[in-house]
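The values are calculated or read from the model by the stated rules, or taken from the named source; none is laboratory data. Keep in mind it's a predicted model, so treat the numbers as computed, not measured. Here the Cβ positions follow ideal geometry from the backbone for every residue, glycine too, while neighbour counts run over all protein chains shown.
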Amino acid sequence: MKRVYVNEAWCLGCHLCEYNCAFANSGLSDMVKALKGKKLFPRISVDGKDKISFAVSCRHCNDPLCVKCCISGALHTDNGRVCIDKTKCVGCLSCIMACPYGALSVSENGTAQKCELCLENTCGEPACVKGCPNRAIVYEER
Amino acid sequence: MKQYVIIGNGIAAAGCIEGIRSIDTESHIVVVSKESQPVYCRPLISYYLEGKTTLDKIGYRPDDFYQKNGCEVLYHETAIQIDHENKAVVLSKGSTVPFSELCIATGSSPFVPPFDGLDSVKNHFSFITLEDAFALEKAISPDSRVLIIGAGLIGLKCAEGLHDRVKSIMVCDLADKILSSILDQDTAPMVQKFLEMHGIDFCLSDSVVRFDGNKAIMKSGKVIDFDILVTAVGVRANTALIAEIGGTVNRGIVVNSEMRTSLDNVYAAGDCTEGFDLSFGDNRVLALLPNAYIQGFTAGINMAGGTKSFDNAIPMNSIGILGLHVMTAGSYTSEKDGGTVYMQKDDTSCKKFFVRDGLLKGYILVDKVERGGIYTSLIREQTPLETVDFDLLKENASFMAFSSESRRKKFGDVV
Amino acid sequence: MGIEFIYPEFEVIRNDKRCIACRVCERQCANEVHSYDEDNKIMLSDETKCVNCQRCVALCPTRALKIIKSDCQLRENANWQDDTIKEIYKQANSGGVLLSSMGNPKPMPVYWDKILINASQVTNPSIDPLREPMETKVFLGKKPSQVEKDENGQIICQLEPQLELSMPVMFSAMSYGSISYNAHKSLATAARHLGVLYNTGEGGLHEDFYCYGENTIVQVASGRFGVHKDYLEAGAAIEIKMGQGAKPGIGGHLPGTKIVGDVSRTRMIPEGSDAISPAPHHDIYSIEDLRQLVYSLKEATGYKKPIIVKVAAVHNIAAIASGIARSGADIIAIDGFRGGTGAAPTRIRDNVGIPIELALASVDKRLRDEGIRNNVSIVVGGSIRNAADIVKAIALGADACYIATAALLALGCHLCRTCQSGRCNWGIATQRPELVKRLNPEIGCERLVNLMNAWRHEIKELMGGMGINSIEALRGNRLMLRGIGLTDKELEILGISHAGE
């Protein structure tokens, strides 16, 4: 399965992936309209210190702990992709407790959120990958 | 062809079904369900009262779950006996179901202490099943004064569920702090204070001597008036079916890492079991959803002839009450047990870590729960803390604390 | 602090309606132009620090930024122009030599733009490169002046060592130190991919890049930095650098602050010490001395590698080239006065040397006149900007071209001309690790390969139009060129007729 992989050797810590992610999942067609003056809730986050930086998003594990820990059944897998039905999520954050990668976060309305590879939004392919200026994030089969 | 029988229809049963089907897509599965609903997660009942989930969303799996997995569910049916010799389960309505492999996923039942005068209380509820929630919902009104006995997870989630729907809530507990199973003297008062600010009252280090109609007479002499009583003192594992036929039972049904009981072809999973707690180093009843699912899944695979071992169970809880998130995991090894405790705390948040033998054994996070799973994995994977920058981790659950080599491995590999 | 005489050269124009305060500009500017005002939740800019490298403009996700030249100008004066006056202010302030980077930006004549290329009409057919074979391969090195046969009538083939290029372009010398590891890796991998060569410059060869040896020209310059036996043997050819178009007559100076880690190791000098390349080679004061070095290098490498002698285009270049052609060198590289540099004194860059077009034409003519043109191949550089420049250079007599500025542009350079600061926001002319990583060599290589492939297509189209199907047939074919708006003298030097003649 194609997954998003990060290579910290090329991550510039520019945080563009976070903005591209938030925009892609906003449902709006203009980034300014989508993000100006708003708090960002990206599903990928850039971490780092000093001169090292790297982006973290869902690894889409073959054996996803978050799915096993989800109390509402909101988290599920779909052809290997780990997805979340936000209408079922009650925001208990058990998935955040479970994910060894720290890849899930809390969304604007208190439910959990995670990368779904942009397959359900208008971007159609991971926006973080598309917008990465230095190919530090790639979408590939490994 | 085999016939799998699962007694119980909770999360462990769902895990068991999925475990079996990951190996064996043919054989018949029979599920014996006491309740009339398809599998749902019991902790969701407070969210139901709160309005965060609805009956059409509460199902743990899609509507076609049983059908797709080729399961026959016997609703409103209880297993009353296991005929181990003939490999069959005797049901309450008189029939028997033969099994090749059996999984006990009977869960637990609320424990109600024998209070004096409890019979005189008109509106008394437990808070375990959806039926309980329906009954409670029916009984409450905006003018209700609710008394909850037990300030544990169930009691407080019940308080949250009722918070906007009743006039007042009083929670009392014998212990001197709330959530005594997961919080300690530093963190429990913070959460208590937060809940008090939201209008929930507490009466701790006190217990009910007797009930007199709508009055609870406390040991301290205090008298609490209420309209609705919820007892949430605790639960007991349902072990009888195994105990009766000589299987090894302690506080729960004893299982090994493959979820086998001491009896051939009989497995157990979920809240009714007692298994090895990695952080504690001994057997415990770990009545937790993740555990139930993984145990069920593990049992399922082994029942179907596969091989799967679940040997890194630890207690872990993530609970949000009225917007305050608390995450805890592992065991709280104290300094007198040779452990080291690290704590960063301010008025509203806290991060506390319990370390022993160079390993993280447990943590308590109040409010600051971001990426808590990174801590959980340190416990479960028994990562030597000398290989990470633990000072940084205490501040912030970040992969910066790991070597770039381990980051490359974790983020570059398929997992 | 006295009065600041100079108003900032650029203005940062931020469209507040579009700015989402993502702070990408702030994080990407090594000059610290941008900052975030927490109180008012807006971005601020300090224009005094802006060098107009366009990094922020390129990365701004909402296109909220642009950098423009400030219109705050001194009173107009055709003699005392703005730049001239500002340079005086700077020197009055610092007392120092002005430093600049990249090529001469002054409005000097660009002869390439005054030369037009011919095309076939009626009397000879043009060639469609999509349908017919078209050879862009070239070989550099000494060519035999006549065919010799043995007693059986077989051709005696004893060629001097040759460089084979898939197209008549090479990446010219840029040292590891002046440019980054990732820039070098991009050039090396692209050269390998394209079947051409790149050049180490005078910085030695990083151990990681020995594997690209077949596509590497190793340079020996006046400082002899990084030169050792393995180094000489690693490359496909050895270049003796006598001069550089951007700064003829002077040496080089890489400040000690850039001599860190691998750069120091590769140059074989202590960390923090200045790398000073003397103006002359102190063992070369004559053509005879040069011959000694040429043969020393040949001796050291078993006569297997062609030796290139690189000189800047200066006034008596034809005579110098004639001497080099007799020194035993296999290839002469001539660098024109618009060539780039990582740092050079401004006065020298802008005032010393001559245009490559004139130098090439006169060298080619001189070597032909003296009957020694086959002794050497000629490579020219110093602002070769596109495929047409290459075609014109070949027609004027060059065997191949050296490109560097164009290659850096492909890697992301925006010609802000502040390489000397070491804060290249594009990760090219810097050694700061957080900036170096901005150039992913995988992307760099792809872009270089794209550029060269595009040029190769264009070269084929231009040649096909002239009815020529190989570089070999174009070389020195000045009949294919005409001048436009040039004086008789210029036409005479270029050896071409005026358009219409």
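Entry remark, segment B:64-86: residues being assigned to a loop (DSSP other than H, G, I, E, B) and under 24 Å from the mean Cα position of the chain (by Cα) number 4 in total. Restricting attention to segment C:384-440, the residues being in a loop (DSSP other than H, G, I, E, B) and not acidic (Asp, Glu) number 28. Comparison of C:SER296, C:SER327, C:SER286 shows that the only residue that is at pLDDT 95 or above and touching a Leu at 6+ places or on another chain (Cβ under 9 Å) is C:SER327. Scanning segment B:91-107 for residues that are surrounded by fewer than 17 Cβ atoms within 10 Å (Cβ to Cβ) and touching a strand residue (DSSP E or B) at 6+ places or on another chain (Cβ under 7 Å) returns B:SER92, B:THR96, B:PRO98, B:SER100.
A residue that is of a type in the set (A, V, I, L, M, F, W, C) and within 14 Å of chain A (Cβ to nearest Cβ) occurs nowhere in segment B:338-355.
Okay, residues lined up against (1) in contact with a Lys or Arg (Cβ under 8 Å, 6 or more places away or on another chain); (2) farther than 30 Å from C:GLU87 by Cβ; (3) among the hydrophobic types (A, V, I, L, M, F, W, C):
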site: C:ALA333; (1), (2), (3): yes, yes, yes
site: C:ARG338; (1), (2), (3): no, no, no
site: C:ASN351; (1), (2), (3): no, no, no
site: C:PRO355; (1), (2), (3): yes, no, no
site: C:ALA359; (1), (2), (3): no, no, yes
site: C:ASP364; (1), (2), (3): yes, yes, no
site: C:ILE384; (1), (2), (3): no, no, yes
site: C:ALA400; (1), (2), (3): no, yes, yes
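Within segment B:87-100, the set of residues being in contact with an Asp or Glu (Cβ under 8 Å, 6 or more places away or on another chain) and either touching a residue at least 40 places away in the same chain (Cβ under 8 Å) or not in a strand (DSSP E or B) (or both) comprises B:VAL89, B:LEU91, B:SER92, B:LYS93. Going by the conditions given, is C:TRP455 within 14 Å of another protein chain (Cβ to nearest Cβ) and within 30 Å of C:ASN52 (Cβ to Cβ)? For C:TRP455, the condition - within 14 Å of another protein chain (Cβ to nearest Cβ) and within 30 Å of C:ASN52 (Cβ to Cβ) - is not met. Just one residue in the set A:CYS92, A:CYS11 is touching a strand residue (DSSP E or B) at 6+ places or on another chain (Cβ under 7 Å), at the interface with chain B (Cβ under 9 Å from one of its Cβ atoms) and not aliphatic (A, V, I, L, M); that residue is A:CYS92. Among the candidates A:VAL106, A:VAL46, the residue that is modelled with pLDDT of 95 or more and either surrounded by 21 or more Cβ atoms within 10 Å (Cβ to Cβ) or farther than 30 Å from B:ILE314 by Cα (or both) is uniquely A:VAL46.
Annotation note: of C:LEU409, C:LEU486, C:LEU448, the sole residue that is buried (at least 24 other Cβ atoms within 10 Å of the Cβ) and either of a type in the set (A, V, I, L, M) or touching a strand residue (DSSP E or B) at 6+ places or on another chain (Cβ under 8 Å) (or both) is C:LEU448.
Test B:ALA287 against the stated conditions and say whether it is closer than 21 Å to B:LEU153 by Cα, out of contact with any helix residue (DSSP H, G or I) (no Cβ under 8 Å at 6 or more places or on another chain) and within 14 Å of chain A (Cβ to nearest Cβ). In short, yes.
Applying the criterion of being of a type in the set (A, V, I, L, M, F, W, C) and more than 9 Å from chain A (Cβ to nearest Cβ) to the residues of segment B:38-54, the residue that is surrounded by the fewest Cβ atoms within 10 Å (Cβ to Cβ) is B:LEU49.
One line per residue, one yes/no per condition, for (1) touching a Pro at 6+ places or on another chain (Cβ under 7 Å); (2) in contact (Cβ under 8 Å) with a residue 40 or more places away in the chain:
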{"residue": "C:GLY245", "(1), (2)": "no, yes"}
{"residue": "C:ILE259", "(1), (2)": "no, yes"}
{"residue": "C:GLU271", "(1), (2)": "no, no"}
{"residue": "C:ASP274", "(1), (2)": "yes, no"}
{"residue": "C:SER277", "(1), (2)": "no, yes"}
{"residue": "C:HIS281", "(1), (2)": "no, yes"}
{"residue": "C:ILE287", "(1), (2)": "no, yes"}
{"residue": "C:GLN292", "(1), (2)": "no, no"}
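Total residues in segment C:37-71 satisfying the condition of being touching a Pro at 6+ places or on another chain (Cβ under 8 Å), more than 14 Å from chain A (Cβ to nearest Cβ) and not acidic (Asp, Glu): the figure is 3. Among the residues of segment B:221-246, those identified as farther than 20 Å from B:ALA139 by Cα and assigned to a strand (DSSP E or B) are B:VAL223, B:VAL235, B:ARG236, B:ALA237.
Just a yes or no: is a residue in segment B:294-304 surrounded by 19 or more Cβ atoms within 10 Å (Cβ to Cβ), assigned by TED's automatic domain parsing to the domain that holds B:THR25 and under 23 Å from A:ALA103 (Cα atoms)? Within segment B:294-304, one or more residues are surrounded by 19 or more Cβ atoms within 10 Å (Cβ to Cβ), assigned by TED's automatic domain parsing to the domain that holds B:THR25 and under 23 Å from A:ALA103 (Cα atoms). With respect to A:GLU116, is the statement that it is away from chain B (no Cβ under 13 Å), of a type in the set (Asp, Glu), in contact with a strand residue (DSSP E or B) (Cβ under 6 Å, 6 or more places away or on another chain) and surrounded by fewer than 24 Cβ atoms within 10 Å (Cβ to Cβ) true? Yes. Looking across segment C:99-124 at every residue that is among the aliphatic types (A, V, I, L, M) and either out of contact with any Asp or Glu (no Cβ under 9 Å at 6 or more places or on another chain) or surrounded by 16 or more Cβ atoms within 10 Å (Cβ to Cβ) (or both), the one that is nearest to C:ASN477 (Cα to Cα) is identified as C:ILE117.
Number of residues in segment C:67-111 that are over 18 Å from C:VAL51 (Cβ atoms) and among the small types (Gly, Ala, Ser) equals 4. Inspect all residues belonging to segment B:204-211 and state whether any of them is more than 23 Å from the chain's Cα centre (by Cα) and more than 16 Å from B:ASP173 (Cβ to Cβ). Yes, there is a match, as at least one residue in segment B:204-211 is more than 23 Å from the chain's Cα centre (by Cα) and more than 16 Å from B:ASP173 (Cβ to Cβ). Listed by first and then second residue, the pairs with beta-carbon distance under 8 Å, at least 6 apart or on different chains, first residue in segment C:67-87 and free of Cβ contacts under 8 Å to residues at least 60 places away in the same chain and of a type outside the set (S, T, N, Q), second part of a strand (DSSP E or B) and surrounded by 10 or more Cβ atoms within 10 Å (Cβ to Cβ), are C:ILE67/C:PHE10; C:ILE67/C:GLU11; C:ILE67/C:VAL12; C:ILE67/C:ILE13; C:ILE68/C:PHE10; C:ILE68/C:GLU11; C:ILE68/C:ILE13.
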